[in-house]
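Values in this text are rule-based calculations from the coordinates and carry no lab data. All values derive from a computational prediction rather than experimental measurement. Cβ placement follows ideal geometry from the backbone for every residue including glycine, while neighbour counts extend to all protein chains displayed.
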Amino acid sequence: MTALGLSSCGGGSIDEATEANEEQAAQSGGECGDLNMAINPWVGFEASAYVVGELAKSELGCNVEYKNLKEDVAWQGFGTGDVDVVIEDWGHPDLEKKFFEGEGDGSAMDMGPNGNVGIIGWYVPPWLAEENPDILDWENLNDYASEFATSESGGKGQFLGADPSYVQFDEAIVSNLDLDFEVVFSGSEAASIEAFRKAEQNKEFLIGYFYEPQWFLSEVPLEKVALPEYTEGCQDDPAEVDCDYPETELKKIVGTDWAESGDTSVGLVENFEWTNDDQNTVAKYIAEDGMSQEDAAAKWIEENPDVWEPWLQS
């Protein structure tokens with residue numbers, strides 16, 4: 001592998017930086033231009049995107065730009081060229097119909113799994129599950145509804161949603177299972193984590209939307225509530241959902257024009273696959289250890305060449 005550290009970041013001249021980029025491009029078997037990485041609003045996504053982006057910079061000489069965008073907005077960027085890569089997609093049939101070839105405009109395409117397995121569910125803090133084990137069965141939730149009530153839940157039990165832009169059917173599940181709960185959104189991953197942390201520390205009743213991969217589960221091992229089993233098709237109509245979330249093979253969505261451009265970064269993204277543990281490690285560096293996304297990615301890259309070197313092979 002080529003040495004890291006382009007002169008454009010270290011105070012050298014523009015000509016020197018350009019020459020270094022050209023040398024790296026030649027060594028990597030082609031040229032790399034601009035690479036526009038979407039950053040969706042959760043730390044695990046940041047971990048995956050920055051590891052790929054920092055490798056594209058250091059190993060291929062790409063000019064990488066990171067763009068903080070909600071999921072649906074990011075997909076709109078494929079057609080305009082503002083976004084090349086969504087590195088972690090949890091399943092958006094609605095967006096696929098709009099942007100994939102066939103029913104859609106063909107501006108986006110599936111580039112395969114990224115190696116992570118996503119698990120969305122309803123969770124409670126460990127102390128609550130230990131003292132009331134029957135609360136882990138959805139059929140008993142109404143017995144505890146009053147304990148979950150807050151000033152925002154209108155006399156019902158509060159169910160804490162996350163960012164409403166995430167893949168979620170919680171309002172439908174609550175309604176279709178006749179649960180005496182009101183969904184109240186935290187607004188962000190960070191807010192949900194803080195709410196669960198506080199609920200565990202203070203032994204407060206809390207139930208909410210959460211997911212893996214997720215570094216926070218190593219700090220507070222939330223317990224998953226069993227909903228009616230997921231069956232094929234039970235989420236086809238968002239208004240009628242009354243089942244659990246499925247395990248999801250997370251995948252990479254990319255711009256069709258970029259994928260066909262011949263840019264050397266295409267191979268890197270196509271080959272990128274890592275584990276939930278890999279992602280959780282980098283996410284923890286960012287969220288708990290306070291490292292910048294770039295530094296967190298660089299630390300993981302330095303310590304795991306055996307994992308990422310195959311991603312650069314054509």
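Observations on the structure shown:
- Amide H contacts under 5 Å for ASN116, placed H, 5+ residues apart: LEU250, TRP274
- Expected 222 nm ellipticity per residue - DSSP helices of 4 or more, -39500 (n - 2.57), all of the chain, to 500: -10500 deg cm²/dmol
- When DSSP beta bridges are restricted to pairs lying wholly in the chain, around 55% turn out antiparallel.
- Taking 7 Å steps out from each Cα toward its Cβ at GLU219 and ASP110 produces label points 3.5 nm apart.
- Summed residue charge, Cβ within 10 Å of TRP127's Cβ, Lys/Arg positive, Asp/Glu negative: -4
- For region 129-248, the square roots a ≥ b ≥ c of the C-alpha gyration tensor eigenvalues yield an a/c under 1.5, which makes the shape rounded.
- Within the straight-line cut-off of under 23 Å between alpha carbons, the lysines reachable from LYS57 are LYS67, LYS251, LYS252, LYS284, LYS299, sequence neighbours fewer than 8 places apart in one chain being disregarded.
- Between 0 and 90°, nearest 10: helix 293-303 axis offset from the chain longest Cα axis: 70
- Charge sum, other residues only, whose C-beta stays under 12 Å from SER165's C-beta, Lys/Arg counted +1 and Asp/Glu -1: -3
- Coil-residue chymotrypsin sites (Phe, Trp or Tyr not before Pro) of region 202-294, DSSP, other Cβ within 10 Å capped at 16: TYR230
- Length gained on full extension, SER175 to GLN201: 6.3 nm, using 0.36 nm per residue less the C-alpha separation.
- When you filter the trypsin sites (Lys or Arg not before Pro) in region 190-299 for DSSP loop state and at most 11 other Cβ atoms inside 10 Å of their Cβ, you are left with LYS203.
- Those lysines that a straight Cα-Cα span of less than 20 Å connects to LYS203, excepting residues fewer than 8 apart in one chain: LYS156, LYS224
- Degrees separating the helix 189-202 axis from the principal Cα axis of the chain, which is the longest one: 40
- Phi to ³J(HN,Hα) by Karplus 6.51 cos²θ - 1.76 cosθ + 1.60 over region 122-128, Hz, x for Gly, Pro: 9, 10, 10, x, x, 4, 5
- DSSP-loop GluC sites (Glu not before Pro) across region 124-171, with at most 13 other Cβ within 10 angstrom: GLU152
- Long-range amide H partners of VAL183 with built H, under 5 Å: PHE159
- Taking label positions 7 Å along the Cα-Cβ direction at both SER292 and ASP257, the computed distance is 3.1 nm, reported to one decimal.
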